[in-house]
Amino acid sequence: MSYVDGFIAAVPTANKEKFLAHARTGDAVFIEFGALRVVECWGDDVPHGQLTDFFRAVQATDEETVVFSWIEWPDKATRDVGMQKMMEDPRMDPATNPMPFDGKRLIYGGFAPLLDLTK
């Protein structure tokens, strides 16, 4: 069964194009190292909640947009090897491919699919 890494970040709205350029570089490397699919989603209809919400989770300001991304891998073993290669790849060095957002507020995690419905 597949394995999924999920990410939520607060990206300065003015940095949308910089984020896209950063993602194009990094996401291609994920694919090269075994990912099946990488999806980057720019917040469009993200409500503010009463107790919790995406904005609070990443401490987004009014000048930021919440981004939701995921990487689909064939399995956890491929993901573990791919992520290790990513950490060592010079294309992912912040000096050459800087994150256009505050990485300290990035939320991420790995998930084992429990249910997968398709049409």
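Computed from the coordinates by the stated procedures, all read-outs in this text should not be read as laboratory data. Please read all numbers here as calculations on a predicted model, not as lab measurements. Cβ sites come from the backbone with ideal geometry, for glycine too, and all protein chains shown count toward neighbours.
Just add up the charged neighbours of P12: K/R +1, D/E -1, any other residue whose Cβ is under 12 Å from the Cβ of P12. Overall, the nearby charge balance is -2. Along each principal axis, taking the top coordinate minus the bottom one, the Cα set of segment 3-111 gives 39, 29, 21 Å in descending order.
The phi-based Karplus calculation (6.51 cos²θ - 1.76 cosθ + 1.60; θ = phi - 60°) puts the 3J(HN,Hα) values of segment 29-45 at 5, 4, 4, 4, 9, x, 5, 7, 7, 10, 10, 10, 10, 8, x, 10, 9 Hz, whole numbers, x for Gly and Pro. Within the straight-line cut-off of under 26 Å between alpha carbons, the lysines reachable from K104 are K16, K18, K76, K85, sequence neighbours fewer than 8 places apart in one chain being disregarded.
The GluC sites (Glu not before Pro) of segment 20-105 that DSSP puts in a loop, and whose beta carbon has at most 13 other beta carbons within 10 Å, are E63. Loop-located trypsin sites (Lys or Arg not before Pro) in segment 56-102 (DSSP state other than H, G, I, E, B) with a sparse environment of at most 11 neighbouring Cβ atoms within 10 Å are absent. Computing FRET efficiency as 1/(1 + (r/R0)^6) for D45 and M1, where r is the C-beta to C-beta distance and R0 is 25 Å, gives about 0.25. For the chain, the relative contact order is 49 percent, taking Cα pairs closer than 8 Å that sit 6 or more residues apart in sequence and dividing their mean separation by the residue count.
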